[in-house]
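The values are calculated or read from the model by the stated rules, or taken from the named source; none is laboratory data. Since this is a predicted model, take the numbers as computed values, not measurements. Ideal geometry is used to build each Cβ from the backbone, glycine not excepted, and the neighbour counts take in all protein chains shown.
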Amino acid sequence: MLATALGSPAPFGQSQFAFMRGNAFEAKVKADGGTELLRLMYERLGGSPAPAGDVSTPDLSAAGPEGRAARTALALREATAAGGWALLDHPMLALEVAGSPAYLEPDAVVVHPDGRWTVVEIKSFPMIDASADAAKVGAAARQAAVYVLALERVAAVTEGAEVGHRVLLVCPKDFSNLPTASVVDVRKQRAVTRRQLTRLTRIEDIADALPEGTTFDPACSPQELESAVSSVTAAYAPECLAACELAFHCRARSRAQGAVATLGRSVRGELGGLTTVAGVLAAAAGKEGDPADPTVAALRRAADLRADALESAAALRAQAPEGVAACR
Ligand code: SF4
């Protein structure tokens, strides 16, 4: 809503058709008390199959996200103590992000008889010949890692519980509507996310630094919103395009500032203290920068090599017969 009010609507989102197809696939996977889902689970993760009709599916309904998170925690504790199979359909988990609670809703969590909890992600992108688009699998793994972190908070106060770091990714098989699954180890993504969460500035600290009366109410004029959004430091990177509704807005700001971050985090990292395209070009041309700085030295060397290459190409063109030069 904020992006639309700013005049830069979110670049992503599912079409109504894709949304309905995704919902229908998820309902198929979870049909009959999760029979197919649990079959895929023990097929991929091992262990003994869940006896037919012996899987508990607790009711997780409660008022508000806080109530649903408390109900989910209770259901997880009860299922673990019961020592049987349980399928929690769309549980609600809470995780502290920048000092405030964030509520998360995995597609499902399965409780195993041995007290293990496994996150299940159901996606509508296909798994062709047992492999899926690596970028989509990576995004699903990062998402599941956040759920694992949130589940670990509940597991820490639940006797006999352990959160599995191997999550079950369920997708349509080849070009059909039949489910298939693969196991994704999310330990690396979990470690990265945990590190990032500890580094986040607390929301209270960000709010304290804002000018008095700042509001992000989408009902305000685009000018007021522009000024409010500009008062918060943004660190745009191309990855924002797949995850944040303000991506188009932040990209335009970043480009207007000539920030090298627009070119990607790896480029930004390589350029060290040079944060603008103008600064990089000036350093490469020998107009700015400390020649002892390895980044500045590398840029100047690259600029020299480029100049040599262009000079050689120009000399070759000048020597070439007229017809050949004309073809170029
Ligand atoms: S910098 Fe990226 S994540 Fe932050 S508000 Fe802008 S688009 Fe969103």
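Might you check whether a residue that is away from the ligand (no atom under 16 Å from the Cβ), under 29 Å from H112 (Cα atoms), crowded, with 16+ Cβ neighbours inside 10 Å and of a type in the set (A, V, I, L, M, F, W, C) occurs anywhere in the range 187-197?
no
Under 7 Å by Cβ, and 6 or more places apart or on different chains, what pairs join a residue from the range 73-92 that is touching a residue at least 40 places away in the same chain (Cβ under 8 Å) and within 17 Å of Y147 (Cα to Cα) with one that is surrounded by fewer than 18 Cβ atoms within 10 Å (Cβ to Cβ) and among the hydroxyl-bearing types (S, T, Y)?
Within 7 Å, the pairs are L87/T57; D89/T57.
This table checks each residue for (1) surrounded by fewer than 16 Cβ atoms within 10 Å (Cβ to Cβ); (2) in a helix (DSSP H, G or I); (3) modelled with pLDDT of 80 or more.
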| site | (1), (2), (3) |
| --- | --- |
| A5 | no, yes, yes |
| Q14 | yes, no, no |
| A27 | yes, yes, yes |
| G33 | no, yes, yes |
| R39 | yes, yes, yes |
| Y42 | yes, yes, yes |
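Looking at the range 273-288, can you tell me whether even one residue there is among the acidic types (D, E) and exposed (fewer than 15 other Cβ atoms within 10 Å of the Cβ)?
Yes.
Can you find a residue that is touching a strand residue (DSSP E or B) at 6+ places or on another chain (Cβ under 7 Å) and on the phi > 0 side of the Ramachandran plot anywhere in the range 258-269?
Scanning the range 258-269, I find at least one residue that is touching a strand residue (DSSP E or B) at 6+ places or on another chain (Cβ under 7 Å) and on the phi > 0 side of the Ramachandran plot, so the answer is yes.
Which pairs do you get when a residue that is farther than 14 Å from L210 by Cα and more than 8 Å from the ligand (Cβ to nearest atom), found in the range 227-241, comes within reach of a residue that is modelled with pLDDT of 85 or more and assigned to a loop (DSSP other than H, G, I, E, B), reach meaning Cβ atoms under 8 angstrom, with the pair 6+ apart or on two chains?
P238/G264
Per-residue answers, yes or no, for (1) in a loop (DSSP other than H, G, I, E, B); (2) closer than 19 Å to Q143 by Cα; (3) of a type in the set (S, T, N, Q); (4) touching a Cys at 6+ places or on another chain (Cβ under 6 Å):
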site: P58; (1), (2), (3), (4): yes, no, no, no
site: A62; (1), (2), (3), (4): yes, no, no, no
site: R77; (1), (2), (3), (4): no, no, no, no
site: P101; (1), (2), (3), (4): no, yes, no, no
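Condition first: in contact with a helix residue (DSSP H, G or I) (Cβ under 8 Å, 6 or more places away or on another chain), within 10 Å of the ligand (Cβ to nearest atom) and among the small types (G, A, S). Can you find one or more residues in the range 265-280 that meet it?
No, because not a single residue in the range 265-280 is in contact with a helix residue (DSSP H, G or I) (Cβ under 8 Å, 6 or more places away or on another chain), within 10 Å of the ligand (Cβ to nearest atom) and among the small types (G, A, S).
Could you please give the count of residues in the range 125-146 that are part of a loop (DSSP other than H, G, I, E, B) and either hydrophobic (A, V, I, L, M, F, W, C) or closer than 26 Å to L95 by Cα (or both)?
Matching residues across the range 125-146 total 3.
As an exercise: evaluate R251 against (1) touching a residue at least 24 places away in the same chain (Cβ under 8 Å); (2) surrounded by 13 or more Cβ atoms within 10 Å (Cβ to Cβ); (3) near the ligand (Cβ under 8 Å from one of its atoms) and give the number of the one condition it does not meet.
(1)
Sort out which residues of the range 234-275 are under 25 Å from P294 (Cα atoms) and more than 21 Å from the chain's Cα centre (by Cα), and write them in order of number.
Q257, G258, A259, V260, E270, L271, G272, G273, L274, T275
For G22, are the conditions met, namely being on the phi > 0 side of the Ramachandran plot, touching a residue at least 60 places away in the same chain (Cβ under 8 Å) and in a helix (DSSP H, G or I)?
The answer is no for G22.
If you scan the range 122-157, which residues turn out to be of a type in the set (S, T, Y), over 14 Å from the mean Cα position of the chain (by Cα) and surrounded by 15 or more Cβ atoms within 10 Å (Cβ to Cβ)?
If the condition is that a residue be of a type in the set (S, T, Y), over 14 Å from the mean Cα position of the chain (by Cα) and surrounded by 15 or more Cβ atoms within 10 Å (Cβ to Cβ), then S124 is the only one that fits.
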